[in-house]
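K.L.:
Structure below; questions to follow.
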Amino acid sequence: MNRLSAVFWDVDGTLADTEMDGHRPAFNMAFKELDLPFVWDEALYNRLLAIPGGLRRVKLHAEACGVALSQHQLAQVRDRKRFHYLERVRQGHVQLRPGVKRLLKELSHSGVQQWIVTSSGSASVMALLEQLQQQIPCFDGVVTSDDVAAGKPAPDGYLLALKRSGANSAASLAVEDSAAGLSAARAAGLRCLLTPSPWDAEALRDSSGEAAAVLDHLGDPGEPATVLSGASCQEEAVTLKYLETLLSVPDR
């Protein structure tokens, strides 16, 4: 069995449930403060998540509503939304997904490199890591949208993480929750374990030929993982052994 050298983790929807209880209400607070005529309920936000990048999401939604936002207004939305998101993170509204803490600790104990690769900005990521630092091991490195020219589905973030980590792509895996993240990982030559967010039907629909495996989550005691596609998971939880099994899956 191949030995795993590195795991590259997405953040939003993969490490933690950041979207519905973090980013969405933060956007709504920013819209209200700035007197913008938008309210994103869960159903609407579900649909908007198909658009990668929060500010691009705002711009395109505004245009669809017949509202042309200036660059100054977009910058205001970005700044106020970031403020409210960081506050929600510090208040504990954002929680880790099932199995994440367990697997992070197992991989750290086994000496596997662990990196974050995300399309979110550095400030949001660092706030989340600061809030979680008592629960999880330290990451070996972080690549955010501030480090690359193009976010996911472009592979730039993963390619930079591979370069900085010195890891061999054939002995590494990405963990993602979205179709855009899966595309980015595959374009960088990485096998990808997909744990789709409940709101990302596109990831589940398009994953069968691209992801090494698809599970509803990583699994915890009393909360078994369900394999939706790919190799069976005998322990009903993603472990180092299971990840190393995925390295041997023929590339497609």
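The values are calculated or read from the model by the stated rules, or taken from the named source; none is laboratory data. On a predicted model such as this, the values are computed, not experimentally measured, just so you know. Neighbour counts are summed over all protein chains in view; Cβ atoms, including those assigned to glycine, are modelled from backbone coordinates with ideal geometry. These area figures cover heavy atoms from the full protein model, side chains too; ligands, DNA and RNA do not enter into them. Shrake-Rupley method; radii C 1.70, N 1.55, O 1.52, S 1.80 Å.
K.L.:
Given a 1.4 angstrom probe, I'd like the percentage of the accessible area of the chain that is carbon and sulfur, rounded to a whole number. Intermediate values should be presented prior to the final figure.
P.N.:
Values: 5640 of 11390 Å².
Carbon and sulfur atoms account for 50 percent of the accessible area of the chain.
K.L.:
Here's something else I'd like to know. Once R0 is set to 51 Å, what does the formula 1/(1 + (r/R0)^6) return for the Cβ-Cβ distance between GLN135 and ALA64, expressed as a FRET efficiency to the nearest 0.05?
P.N.:
On the way: r = 39 Å, r/R0 = 0.76.
Between GLN135 and ALA64 the formula returns 0.85.
K.L.:
Once every DSSP H run of n ≥ 4 in the chain is given -39500 (n - 2.57) and the sum is divided by its residues, what mean residue ellipticity at 222 nm do you get, rounded to the nearest 500 deg cm²/dmol? Write out the running numbers ahead of the final one.
P.N.:
Numbers: 10 runs with 101 residues, N = 252.
Here the helix-only value at 222 nm equals -12000 deg cm²/dmol.
K.L.:
Per residue, how big is the convex hull around the C-alpha atoms of the chain? Give it to me in cubic angstrom, could you?
P.N.:
On the way: hull volume 29.9 nm³, N = 252.
Roughly 119 Å³ of hull volume per residue.
K.L.:
Which pairs break 21 Å Cα to Cα here: LYS59/LYS81; LYS32/LYS81; LYS163/LYS241? Please list the in-between numbers first.
P.N.:
Details: LYS59/LYS81 14 Å; LYS32/LYS81 11 Å; LYS163/LYS241 25 Å.
LYS163/LYS241, as the Cα separations exceed 21 Å there.
K.L.:
Further, regarding this structure: If each residue of separation counts as 0.36 nm, what is the full-extension length gain between ASP35 and PHE83 once their alpha-carbon separation is subtracted? Before the final figure, lay out each step's value.
P.N.:
Details: separation 48, 0.36 × 48 = 17.28 nm, distance 1.67 nm.
Between ASP35 and PHE83, full extension yields an extra 15.6 nm.
K.L.:
Find how many whole Å separate the alpha carbon centroid of the range 2-41 from the alpha carbon centroid of the range 112-136.
P.N.:
Centre-to-centre (Cα) distance: 13 Å.
K.L.:
Please give the FRET efficiency for ALA75 paired with GLN234, using the beta carbon to beta carbon distance and R0 = 51 Å, rounded to the nearest 0.05. Please list the in-between numbers first.
P.N.:
Details: r = 51 Å, r/R0 = 0.99.
With a Förster radius of 51 Å, E is 0.50.
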